[in-house]
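Engineer: My questions all concern the structure below.
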Amino acid sequence: ELKALLFDVDGTLADTEKDGHRPAFNMAFAAAGLDWNWDEALYGELLAVTGGKERIKFYLEKFNTGFNKPADFDDFVKGLHASKTEFYKQLMAEGKIPLRRGVERLIHQARRENMRIAVVTTTTPANVTALLTNTLGADSESWFEVIAAGDIVPAKKPAPDIYFWAMEQMDVQPDECVAFEDSANGIKSSVAANIKTIITINGYTQDEDFSDAELVLTDMGDPGVPFKVLQGSNYG
Ligand code: XBP
Ligand code: MG
C-alpha cells in the first residue's frame, strides 16, 4: 500500500541549480575575493558531485588544481559554503525560482488524500526552508513529516543513506513509498534504497541514465499543459 511520497528538492521541486545554487556559489566566491566563476557548462560537470561543500572540493581537485589551499582548508570551505547559503536564501526571497510545473498541484492533492509527504535531499536545510516558504507559503514546511537534508547523513546521494534515514524516521517500508527525483545521482540513491522512482527530467539531467525508473516524465503537468511520458507506463 502506498503511504508516502518522498520528494527530492533541487531539480525536482524547482529548477534551483542553474539560476539559484550556481549564482549563489559565484556570489560567495566574489565576496571572498576569489576569481572563480562557474559558468553553466562547468556547473553541469560539477553536478556530478552532490553537496555544496563537496562540490567546491571537487572543483579544486579537478578544475582548479593551481589554487593554493589555506592550512585550515575544511574551515575555509565551510565558510565559503555558509556565505553561499546566505546568497541562495536571498535569491529565494526575491522569488526568482518558481516551483516546477505541477508540483504545487501534486502536493496539495497528496495532502487532501492524506498521503504522507517528506523531503529527501542533499541540499542544506535552510535552502529547503527558503524554497518552500517562498513558494508554497510560510507554514508549508510543516506539511512535510520529515525534512531529510544536508549533512544529516555523511554519505550523500548517490548513496541510499538519506532515504534510509527518512524511512526510519517515518517508520515506513520502501514498498510503501514512491520517490520523485530528477537526476542520475538521485535515482541511484532511491533505487539503492529499493524505492520505486518517478523521474521528471530537466535541462541538466535529460541525457542521464534513468533505466531504473518506473516512469520518466518531462514534468508533472498541469490541467491544459500535459506532461509527456518518456519512459514507462505503469502508473497511468
Ligand atoms: C542537489 C545538490 C545540492 C545542491 C547544493 O541536491 O546536489 O548539493 O546543488 O546544495 P538534491 P548545498 O537534488 O538532492 O536536492 O550547497 O546546500 O549543499
Ligand atoms: Mg535533484
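Here, each number is a calculation from the coordinates, and none is a lab measurement. As the structure is a computational prediction, the values presented were derived from the model and not from experiment. Cβ atoms come from the backbone with ideal geometry, glycine included; neighbour counts cover every protein chain shown.
Engineer: GNM on the chain, C-alpha springs below 10 Å: top fluctuator among 74, 19, 171?
Structural biologist: 171
Engineer: Which residues' amide hydrogens lie under 5 Å from the amide hydrogen of residue 34, considering only partners 5 or more residues apart or on another chain, with H built in the peptide plane?
Structural biologist: none
Engineer: So for the pair residue 57, residue 114, with labels modelled 7 Å out along Cα→Cβ, what separation do we get in nm?
Structural biologist: The modelled label-to-label distance comes out at 4.5 nm.
Engineer: In angstroms, what radius of gyration and Dmax does the chain have, counting Cα atoms only?
Structural biologist: 17.6, 57
Engineer: By count of other Cβ within 10 Å, fewest leading, how are 84, 89, 96 ordered? It would help to have the intermediate numbers written out before the result.
Structural biologist: Values: 84 26, 89 19, 96 13.
Least crowded to most crowded, the residues run 96, 89, 84.
Engineer: First measure r as the distance between the Cβ atoms of residue 42 and residue 165, then evaluate 1/(1 + (r/R0)^6) with R0 = 35 Å and state the FRET efficiency to the nearest 0.05.
Structural biologist: Working: r = 31 Å, r/R0 = 0.89.
The pair residue 42/residue 165 has a calculated efficiency of 0.65.
Engineer: Running a GNM on the chain with Cα contacts under 10 Å, which residue among 202, 68, 134 ends up with the highest mean-square fluctuation?
Structural biologist: Looking only at 202, 68, 134, the biggest GNM fluctuation is shown by 68.
Engineer: Hey, with R₀ at 30 Å, roughly what FRET efficiency would residue 151 and residue 233 work out to, going by the Cβ-Cβ distance, to 0.05? Walk me through the numbers before you get to the answer.
Structural biologist: On the way: r = 38 Å, r/R0 = 1.27.
Once rounded, the FRET efficiency stands at 0.20.
Engineer: Which shape class applies to the range 17-93: rounded if a/c is under 1.5, otherwise prolate when a/b exceeds b/c and oblate if not, where a ≥ b ≥ c are the square roots of the Cα gyration tensor eigenvalues?
Structural biologist: Working: a/c = 1.67, a/b = 1.20, b/c = 1.39.
Oblate, since a/c reaches 1.5 and b/c is not below a/b.
Engineer: Kindly rank 158-169, 107-118, 189-200 from highest to lowest mean number of other beta carbons found within 10 Å of each residue. It would help to have the intermediate numbers written out before the result.
Structural biologist: Numbers: 158-169: 19.8, 107-118: 14.1, 189-200: 23.1.
Put in order of decreasing packing, that is 189-200, 158-169, 107-118.
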